[in-house]
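Scroll down for the structure; my scribbles are underneath it.
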Amino acid sequence: MKIKRAVTQYQYGLLVIDMMVCTVSFLVAFWVRHFNQFPSISPDYLHALPVVLIVWLISYKYFGLYNGIAGTAAEFIQLLKANCTGVMGLLAFSFFYRHFAYSRVTTALFAVTVFILALFFRRVFRLFARDVLKSFKWKHHVLLIGCGEVGKTLIREFMQSSTEFRVIGF
């Protein structure tokens, strides 16, 4: 039960990180393209930000970036596919919704920035979460009764391998 809760919290953590990375990347892309407006941002772009977040969330969810803990190479490929799909979705939305016009250079800058930052921050989060999940609070406490060879062998096994059991007494 604790492991399932930890996985759910891990997935929500990734979701929050992805949405923050997406927002920061969108703002950075705007400011790089329109560098003379640095501290402020156009209201048209602010109105587009929720659409961008929704498109990216759907794209990341579709490609399974919240399903489990994938390896670095698999996550790289999934992230690349999700970002390409997100860019295509964003361009399709801007084509069909004519009340919104923005620079295509901003879209390209956003796509590169969100990919690099998402890859970096997901890796950092994975390293952080791995340390948290290995902490003692997630492990089951075990009290071994008896001092024979079997007990000593079990203790050695628990200490050497990274199991979910922590020996608190012998």
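The values are calculated or read from the model by the stated rules, or taken from the named source; none is laboratory data. The structure presented is a predicted model; accordingly, all values stated were derived computationally and were not measured. So basically every Cβ, Gly included, is an ideal-geometry build from the backbone, and we count neighbours across all protein chains shown. These area figures cover heavy atoms from the full protein model, side chains too; ligands, DNA and RNA do not enter into them. Shrake-Rupley method; radii C 1.70, N 1.55, O 1.52, S 1.80 Å.
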Rank by packing, highest mean first: peptides 11-18, 83-90, with packing defined as the count of other Cβ atoms within 10 Å averaged across residues.
83-90, 11-18
Ranked by how many other beta carbons lie within 10 Å on average, peptides 109-120, 148-159, 45-56 from highest:
109-120, 45-56, 148-159
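What is the sum of charges, Lys and Arg at +1 and Asp and Glu at -1, for the other residues whose Cβ falls under 10 Å from the Cβ of GLY64?
Values: positive: LYS61, LYS81; negative: GLU75.
Charge balance near GLY64 sits at +1.
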Virtual spin-label span in nm between CYS84 and ARG123, 7 Å along Cα→Cβ
2.1 nm
Tell me, what is the FRET efficiency for PHE93 and ASP131 to the nearest 0.05, using R0 = 35 angstrom and their Cβ-Cβ distance as r?
0.35
If the chain between VAL105 and SER40 were fully stretched, how many nm would it gain, using 0.36 nm times the residue separation less the Cα-Cα distance?
21.5 nm
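For the stretch 9-123, what % of the accessible area comes from carbon and sulfur atoms, probe 1.4 Å?
Working: 4900 of 6570 Å².
On the stretch 9-123, the fraction of accessible area on carbon and sulfur atoms equals 75 percent.
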